[in-house]
Amino acid sequence: MEDIIFEDIIKSYPEYSAIKDPFVMIGIGVLITLVCGVWFARLMQIKILRWEKETISPLPLKSNYTIISWSGSFTGLTLFFCGMLQIFDFNPIKSLVASLVISIISGTTMWRVIKDLMDQLNSGEIKEIDEYF
């Protein structure tokens with residue numbers, strides 16, 4: 001008798017899928033972004049410390065670790081933006097496309113800025129930030 005009552009109670013609730021929940025997507029995106037962002041920042045810190053102490057060039061910037069951590073950061077941001085757009089009732093496919101475009105544009109732009117800063121650091125001619133604008 002009790003089993004039937006519990007089954008009726010369980011059936012009365014709608015099915016829950018964590019994959020369809022935008023808050024889960026936002027949480028996973030934030031977690032991935034933080035982990036990969038801290039990893040990338042630590043890699044850059046190590047490159048700069050090696051350059052200061054041992055005069056080892058911080059270039060080339062492209063290594064497996066930097067590319068994986070950089071890509072992971074923007075994958076997390078893509079998930080975060082996608083979840084946020086879904087909260088505002090966007091279609092999941094359209095929010096994913098918009099999030100990918102935002103992440104790819106901002107990721108490639110920031111990669112160029114970091115590469116330019118590492119080039120300047122390597123050459124010893126660091127420009128002030130005002131010269132970029």
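The values are calculated or read from the model by the stated rules, or taken from the named source; none is laboratory data. All values derive from a computational prediction rather than experimental measurement. Cβ placement follows ideal geometry from the backbone for every residue including glycine, while neighbour counts extend to all protein chains displayed.
Key figures for this structure:
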read-out	value
Only one of LYS53, LYS115, LYS62 that is among the charged types (D, E, K, R) and in contact (Cβ under 8 Å) with a residue 40 or more places away in the chain	LYS115
Scope region 12-29; condition modelled with pLDDT of 90 or more and either in contact with a Phe, Trp or Tyr (Cβ under 6 Å, 6 or more places away or on another chain) or farther than 17 Å from GLY83 by Cβ (or both); matching residues	ILE26, GLY29
Region 98-131: number of residues that are outside any loop (DSSP other than H, G, I, E, B), loosely packed, with under 13 Cβ neighbours inside 10 Å and of a type in the set (A, V, I, L, M)	5
Residue count, region 43-75 (criterion: surrounded by 17 or more Cβ atoms within 10 Å (Cβ to Cβ) and in a loop (DSSP other than H, G, I, E, B))	2
Number of the condition not met by ASN91 [criteria: (1) at pLDDT below 90; (2) under 18 Å from ILE28 (Cβ atoms)]	(2)
Single residue of region 26-42 satisfying the filter (of a type outside the set (Phe, Trp, Tyr) and surrounded by 17 or more Cβ atoms within 10 Å (Cβ to Cβ)) that is nearest to the chain's Cα centre (by Cα)	THR33
